[in-house]
Amino acid sequence: MRMSFPVICVVAFFFTLGLTLNAQAENPNSGSWSGVMINSGCSADEAFAEAPKCTERDVPGAKLVLYDDTTRQMFVLDPQDQAIGHLGDSMTVTGTLEGNTVHVASLKLHTSIGLGVGQKAPDFSARDQFGAQQTLETLIGPKGTVLLFFRSADW
């Protein structure tokens, strides 16, 4: 039996789709999480308050954890070796979540936040606190524009 090229493409597509869906079913908790690297001897409230004890080195029995100040969650990292030397650093961890442990696939240091001085902001569209749609163009004033994005972590 000889198959035509379109039939082969369709079969290949569904085979690949099946493999992809199977991989997602096996790892439904895959993703990435961002936060600050702290020690596990610190509570979420202490981490939120940026207590100095959260970035102390050599705390007996403490592990390195990623603290997400948006959700106030702490994630234990497994393995720990990639996180060593990053206490107090802002990081993004990619991996698989199991309970409160992230099985680390990769770790990335946040090297900069925001635009550099003199850099032009990219076009955007967002709702303001009153629900009105704003863009970079709608916010430009006669003397220029200063944008401040603010998020209150106090719910």
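Each reported figure results from applying straightforward, stated rules to the coordinates on display, with no laboratory input. On a predicted model such as this, the values are computed, not experimentally measured, just so you know. With ideal geometry, Cβ positions are generated from the backbone for all residues, glycine too; neighbour counts draw on all protein chains shown.
Excluding residue 64 itself, what net charge comes from residues whose Cβ is under 11 Å from its Cβ, given Lys and Arg +1 and Asp and Glu -1?
Value of the local net charge: -1.
Stretched out fully, how many nm does the piece from residue 115 to residue 130 gain, at 0.36 nm a residue minus the Cα gap?
Computed gain between residue 115 and residue 130 is 2.8 nm.
Which value, in debye to the nearest 20, describes the size of the charge dipole of the range 78-149 about its Cα centre when Lys and Arg Cβ atoms bear +1, Asp and Glu Cβ atoms bear -1, and nothing else is charged?
380 debye
Mind giving me the FRET efficiency for residue 29 and residue 140? R0 is 35 Å, r the Cβ-Cβ distance, nearest 0.05 is fine.
Result of the calculation: an efficiency of 0.25.
If R₀ is 41 angstrom, what is the calculated FRET efficiency for the pair residue 123 and residue 73, using the beta carbon separation as r and rounding to 0.05?
FRET efficiency, residue 123 to residue 73: 0.80.
Where in the range 41-76 does the label zone of residue 108 land, with the point 7 angstrom along Cα→C-beta and an amide N cut-off under 19 Å?
Output list for this probe position: 66-70.
In Å and from the alpha-carbon atoms only, list the Rg and Dmax of the range 68-136.
In Å, with Rg to one decimal and Dmax whole: 17.2, 47.
Going highest first, how would you order 43-50, 131-138 by mean Cβ packing within 10 Å?
In decreasing order of mean packing, 43-50, 131-138 become 43-50, 131-138.
Can you tell me which of 117-126, 62-71 comes out highest on packing, and rank the rest after it, using the mean Cβ neighbours within 10 Å?
62-71, 117-126
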